[in-house]
Amino acid sequence: MFNLPNLPYDYDALGKYISKDIMFLHHSKHHQTYVDKLNAAVDSAPELKALSLEELITGLDTIPVPVQTAVRNHGGGHYNHSLFWQWMSPEGGGEPRGELAAKIIAEYGSFQSFVDEFTTKSLAVFGSGWVWLQPDMQIISTANQDTPIMQGLEAPLLGLDVWEHAYYLDYKNKRDDYVAAWWNVVNWDFVASRLDK
């Protein structure tokens, strides 16, 4: 059975930028629903119970057709959000250091140019989806709860949830304000640790 991971900080820890109310709703309701529906899908196809989350969502074409959509949507939602909580921190913000900073600057010319490009792609996502920084320093987006590893790509270094449920309580329809605020809580140490792997 898959389980909802604990947050690495309190619900109100990102309060100036992402409120306690949105964090509680996003984590305990939305993410919990992904976990519950993923477990229900796996329960209906017991041969899947031996597979890890990564094996499930990277092998969608090999699992029973009746549960493929549920595993894609809810498995992807569980995978993405389990990382998303770690990509934020009350001590986040600022700029990356070391090898990660060097790679970003080599690709984009400056950290601010990277932020601008990532922000532009975040605002360009139509409807619901995610924006990712990949290990090759490319910025890509996916729809819904799709994730790069479903497409045979490497696991992302950084990802931003641009579904309305991630920000609507705080920012209403102002996705640009949400994205601007999010940069103040990005956990660059966690991003760098993923590059090191």
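Here, each number is a calculation from the coordinates, and none is a lab measurement. Source: prediction; values computed, not measured. Cβ coordinates were reconstructed from backbone atoms using ideal geometry, including for glycine residues, and neighbour counts include every protein chain displayed.
Model label points for Asp12 and Phe24, set 7 angstrom from Cα along the Cα-to-Cβ axis, are 1.0 nm apart. Which residue, Thr147, Thr119, Thr62, has the most motion in a Gaussian network model of the chain that connects Cα atoms within less than 10 Å? Between Thr147, Thr119, Thr62, it is Thr62 that shows the largest mean-square fluctuation.
A helix-only calculation puts the chain at -11500 deg cm²/dmol for mean residue ellipticity at 222 nm, using -39500 (n - 2.57) for each DSSP H run of at least four residues, averaged over all residues. Spacing of the modelled spin labels on Leu53 and Asp189, each 7 Å from Cα toward Cβ, amounts to 2.2 nm. Here the simple spin-label model places points 7 Å from the Cα toward Cβ, and for Phe126 and Leu4 these points are separated by 3.4 nm.
Enclosing the Cα atoms of the chain in their convex hull gives a volume equal to 111 cubic angstrom per residue. Could you compute how fast segment 34-131 diffuses translationally, taking Rh as the Kirkwood radius over C-alpha pairs and applying Stokes-Einstein at 4 °C with viscosity 1.567 mPa s? Give it in µm² per second. Estimated via Stokes-Einstein, D reaches 80 µm²/s.
Which of these, Arg175, Arg72, Arg97, has the largest mean-square fluctuation under a Gaussian network model of the chain (Cα springs below 10 Å)? Maximum fluctuation in the GNM of the chain, among the listed residues, is at Arg97.
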